[in-house]
Amino acid sequence: MRLGVLDVGSNTVHLLVVDAHRGAAPLPAYSHKIELRLAEHLDKDGKIDQSGADGLVAFTKQAVELAEDKGCESVLAFATSALREAPNGEKVLGRVRDETGVDLEVLSGEVEARLTFLAVRRWFGWSSGRLAVFDIGGGSLEIAAGSDEQPTVAESVQLGAGRLTREGLTADPPNKDEVRALRRRIRMELAAVAGPVLRAGKPQRSVATSKTFRSLARIAGAAPSADGPYVPRTLNRDDLNEWIPKLTKMTAAERAALPGVSAGRASQLTAGALVADAVMDLFDLPALEVCPWALREGVILSRLDQLQPR
């Protein structure tokens, strides 16, 4: 079957069309996305403003038309932290539903972590043993660990790269005091949820997903995306430690010139690097393997699992 997946994130809204059936890897057939940055379309009360809502409705209408053009049987539509946390999130969801016919499902942070874990488990397989999975989004950091397809621990922390940049890094490049204060905040908030993960046992495979981790791995020497998803990619903590002082001294424009860093994400890379460093330090991980599958694939796989075999 051909499925459309509409992913409304804090940074990007993305339509992915895949050919999929139970027991097979989803095969991407078409992709269309824009950097809407819903998390930056907030008024003083934290509500999504008119411009953000208009942009979301317009893209959703376009996504529905594209999915029909590409022959999709159905569209799985979901949203994450930006709509989850906005006081007027339900109102915006209602407008999307009324004007486009699409009922966006708002995922909790725990569900995000669980679905991402499922995708990583399917990608690496049972031989990986106990997995620990980390995903840095725009609004939150998801952490999951376990030995099965469902994690025994699933946590979501408000340590997304976009959120931290807006709230903690006002200068370009950021000043030393801001970087130090943000580093301290990240480590305090992460330490508060680290206990259940650490008590569950040391992982046999530690994995990172998301654009932020992929960009950090790329500037540290990992293969470019053009080499395809099956090339192993790793982010080493020693390499990251060498890059963090450089990133904190760069402007966003200078970071955008680095390999694998888009102009739209360059401003968030410093905060993302500080989160990645805290993850690897507090969980005592010398390296993280980068998985090309993440939340979108987890949503697809979960849906396929629910279908009755023909």
Identify all residues within the stretch 230-250 that are open to solvent by 50 Å² or more (accessible area, probe 1.4 Å), in contact (Cβ under 8 Å) with a residue 24 or more places away in the chain and among the charged types (D, E, K, R); write none if there are none.
Arg237, Asp238, Lys249
Inspect all residues belonging to the stretch 44-52 and state whether any of them is within 21 Å of the chain's Cα centre (by Cα), closer than 30 Å to Pro151 by Cβ and either part of a helix (DSSP H, G or I) or modelled with pLDDT of 95 or more (or both).
no
Can you name every residue in the stretch 108-129 that is out of contact with any helix residue (DSSP H, G or I) (no Cβ under 9 Å at 6 or more places or on another chain) and either surrounded by fewer than 17 Cβ atoms within 10 Å (Cβ to Cβ) or under 17 Å from Pro292 (Cβ atoms) (or both)?
Glu110, Phe124, Gly125, Trp126, Ser127, Gly129
Is it true that Glu99 is at pLDDT below 95, surrounded by fewer than 22 Cβ atoms within 10 Å (Cβ to Cβ) and under 21 Å from Phe59 (Cα atoms)?
no
Residues to consider are Ser262, Ser206, Ser302; find the one that is at pLDDT below 95, closer than 19 Å to Ile136 by Cα and hydroxyl-bearing (Ser, Thr, Tyr).
Ser262
Residue count for the stretch 193-210, restricted to those that are touching a residue at least 12 places away in the same chain (Cβ under 8 Å), open to solvent by 20 Å² or more (accessible area, probe 1.4 Å) and part of a helix (DSSP H, G or I):
3
Keeping to the stretch 213-229, report how many residues are outside any loop (DSSP other than H, G, I, E, B), among the aliphatic types (A, V, I, L, M) and surrounded by 13 or more Cβ atoms within 10 Å (Cβ to Cβ).
3
For the stretch 11-63, name all the residues that are small (Gly, Ala, Ser) and either more than 18 Å from Gly298 (Cα to Cα) or in contact with a Phe, Trp or Tyr (Cβ under 7 Å, 6 or more places away or on another chain) (or both).
Ala39, Gly46, Ser51, Gly52, Ala53, Gly55, Ala58, Ala63
Matching residues in the stretch 160-188 (open to solvent by less than 60 Å² (accessible area, probe 1.4 Å) and touching a residue at least 24 places away in the same chain (Cβ under 8 Å)) number 14
Just name the residue that is farthest from Leu198 (Cα to Cα) out of those in the stretch 132-156 that are surrounded by fewer than 24 Cβ atoms within 10 Å (Cβ to Cβ) and in contact with a Gly (Cβ under 7 Å, 6 or more places away or on another chain).
Ser147
I'd like to check something: does the stretch 82-89 contain any residue that is part of a helix (DSSP H, G or I), surrounded by fewer than 23 Cβ atoms within 10 Å (Cβ to Cβ) and either at pLDDT 95 or above or not acidic (Asp, Glu) (or both)?
yes
Taking the criterion of being open to solvent by 10 Å² or more (accessible area, probe 1.4 Å), at pLDDT below 95, over 20 Å from Asp135 (Cβ atoms) and out of contact with any Gly (no Cβ under 6 Å at 6 or more places or on another chain), would at least one residue in the stretch 57-76 satisfy it?
yes
Quick one: in the stretch 7-32, which of the residues that are part of a strand (DSSP E or B) and charged (D, E, K, R) is least open to solvent (accessible area, probe 1.4 Å)?
Asp7
Criterion first (out of contact with any Cys (no Cβ under 7 Å at 6 or more places or on another chain), assigned to a helix (DSSP H, G or I), open to solvent by less than 50 Å² (accessible area, probe 1.4 Å) and modelled with pLDDT of 90 or more) does Ala39 satisfy it?
no
Do we find a residue being open to solvent by 10 Å² or more (accessible area, probe 1.4 Å) and in a loop (DSSP other than H, G, I, E, B) anywhere in the stretch 273-281?
no
Would you tally the residues in the stretch 251-266 being open to solvent by 50 Å² or more (accessible area, probe 1.4 Å), within 30 Å of Val5 (Cβ to Cβ) and of a type outside the set (D, E, K, R)?
2
Considering only the stretch 110-150, state which residues are outside any loop (DSSP other than H, G, I, E, B), more than 11 Å from the chain's Cα centre (by Cα) and not aliphatic (A, V, I, L, M).
Glu110, Arg114, Phe117, Arg121, Arg122, Trp123, Phe124, Trp126, Ser127, Ser128, Gly146
Could you please give the count of residues in the stretch 99-109 that are outside any helix (DSSP H, G or I) and at negative phi?
7
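The values are calculated or read from the model by the stated rules, or taken from the named source; none is laboratory data. Note that the coordinates shown come from a computational prediction; the quantities given were computed from them, not determined experimentally. Heads up, the Cβs are rebuilt from the backbone with ideal geometry, glycines too, and the neighbour counts pull from every protein chain shown. Just so you know, the surface numbers come from the protein's heavy atoms only, side chains and all, with ligands and any DNA or RNA stripped out. Shrake-Rupley method; radii C 1.70, N 1.55, O 1.52, S 1.80 Å.
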